[in-house]
1. Expressed as a rounded percentage, what relative contact order does the range 30-412 have, with Cα pairs under 8 Å and six or more residues apart?
2. Whole Å is fine, so just give me how far the alpha carbon centre of the range 108-123 lies from that of the range 134-209.
3. Rounded to two decimals, what is the ratio between the C-alpha radius of gyration of the range 156-243 and 2.2 N^0.38 Å?
4. Quick one: HIS164, HIS98, fewest Cβ neighbours within 10 Å first, how do they rank?
5. By counting other Cβ atoms within 10 Å of each Cβ, how are SER255, SER370 ranked from fewest to most?
6. What three numbers, in Å, describe the spread of the alpha carbons of the range 13-168 along their principal axes, ordered from the longest?
7. Mind checking the dipole of the range 30-412: about its Cα centre, +1 per Lys or Arg Cβ, -1 per Asp or Glu Cβ, Debye to the nearest 20?
8. Test of the criteria: in the range 138-210, which chymotrypsin sites (Phe, Trp or Tyr not before Pro) are in a DSSP loop and have at most 10 other Cβ atoms within 10 angstrom of their Cβ?
Amino acid sequence: MASDFLEERSLASRLFSWQDRLAQIVQGSRAGWQQDVRSGLFAFLTSLFLAAPILWIYLEPGYVGRLLDFMAQASNPLRRDLRELILGYRITVPLLNHWIGFRGFAVIIPAIIASLVNLILCSRIIRQRTHSSVFSVYGAVGLSLTFFIAEGTTFWSSPDSVAHLLALLPAAFSLHWAYLAGAVPIAMFVDERSIISFAFLLLFWWRKEGLGLSFKTQALTIIGFVVGLLLWKLGRVVLDSGWLAEPPSNSLVSSVTSRVLETGAPHDGWMVWAVNIICAFKWMYVFPVILSALLFRKSIAQGKFLTSRLGLLVVPWSLYLLLFLASVGAAAFSGDVWRTVSFAFFFVLEGMLLLWSVRPLLAMALARISMLLMIATPVAYVGSALTPQLSPPLLLVLWRTYAGGGAGLMSWFRSLL
């Protein structure tokens, strides 16, 4: 029995050693931002390989879906003959596509590029806060297989990653407080739920910069955030006024909200709501869960605990938990719960960083294990009847797209010659 235990321990040791060597190869011999680019690109390619867009649906000649609206908006961002009328308010990326000249399937480029940049920024944040390039690789790969990243690469009509990028930039770099005044409305015209990310950003920024900030700096940051919200509201008023084009319709949102408040149950039911919350980040939840257990297993009434490094994290982490619970509650009013919860990505990111600050060995072990579990678990969510909706691996997507219903894969290869 002892020999079996030693053999299992040796196997685990070899596995982790292999992971560490791979992470070191990814990082290379360069330092600084070049490490972040390498780990971000590696994580991005891993995500694309393991969770690819369902091409056979998007490329189908008779395809009908939100992507067609998204393409149509690139030609005219203010058009109103849309199948999903709420998109009339989400004009940031359509305006970008319109100005750059992206048309057709090229409209997906901003979201895909933003997903890659988001992983590079996450690697930078993790590396700088933990001083561990290996941990940043594990973290980037794990995050790449959550809907925080996969939404931008697999669901081509939902450019949430552009909004995530706007919230991540001030977390990775020291930017002027006025940045928020512009970034908040731009992100919220990608999707209104971006307010969740920016609310988390304020907590993240407060934790990152420390309590030694001057009152003026803190006040100006809050002012920038509030000004951004006011500018977004002003933009909504302009769109609703009909000055530029026929006002968009938000009747769907209003009807869903009324129904949820009337029934007291989430839009798609309790089970779908709960499962899709888990689907948003899957095994990456282990970091905030373990951190919460560490922080709250001891009585905060004990003076020594309150003055300890661990105890001092109770208040800020409690704010994170409350904000995350609020975002989960807001997801009850949404049919795409996994997307709504994904806007709370700072909750998982900060959970990783704070756990490292108090238990670095435990955080590294969890990073190794969670990365393997994320790779082994498909990127998926469930529909209204608990039907699984998977983002299959790239090889399976290519096979199904070009061989599944046609003359066969070899015929497709021959057609390329």
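Readers should treat all values here as calculations from the given coordinates under stated rules, not as data from a laboratory. Since the structure is predicted, the reported quantities are computational estimates derived from the model, not experimental observations. Note: ideal-geometry Cβ built from the backbone for every residue, glycine included; neighbour counts use all protein chains shown.
1. Numbers: 522 pairs, mean separation 87.3, N = 383.
Computed over the range 30-412, the figure is 23 percent.
2. Each part reduced to its Cα centre gives a spacing of 10 Å.
3. Here the Cα radius of gyration is 1.14 times the empirical estimate.
4. Values: HIS164 30, HIS98 18.
Ranked by crowding around the Cβ, least crowded first: HIS98, HIS164.
5. Values: SER255 10, SER370 22.
Lowest count first: SER255, SER370.
6. That gives 57, 29, 23 Å along the principal axes, largest extent first.
7. Numbers: 27 positive and 16 negative charges, 255 e Å.
Dipole about the Cα centre, nearest 20: 1220 debye.
8. Numbers: sites: TYR138, PHE147, PHE148, PHE155, TRP156, PHE173, TRP177, TYR179, PHE189, PHE198, PHE200, PHE204, TRP205, TRP206; in loops: PHE155, TRP156, PHE173, TRP177, PHE189.
Sites meeting the loop and neighbour criteria: none at all.
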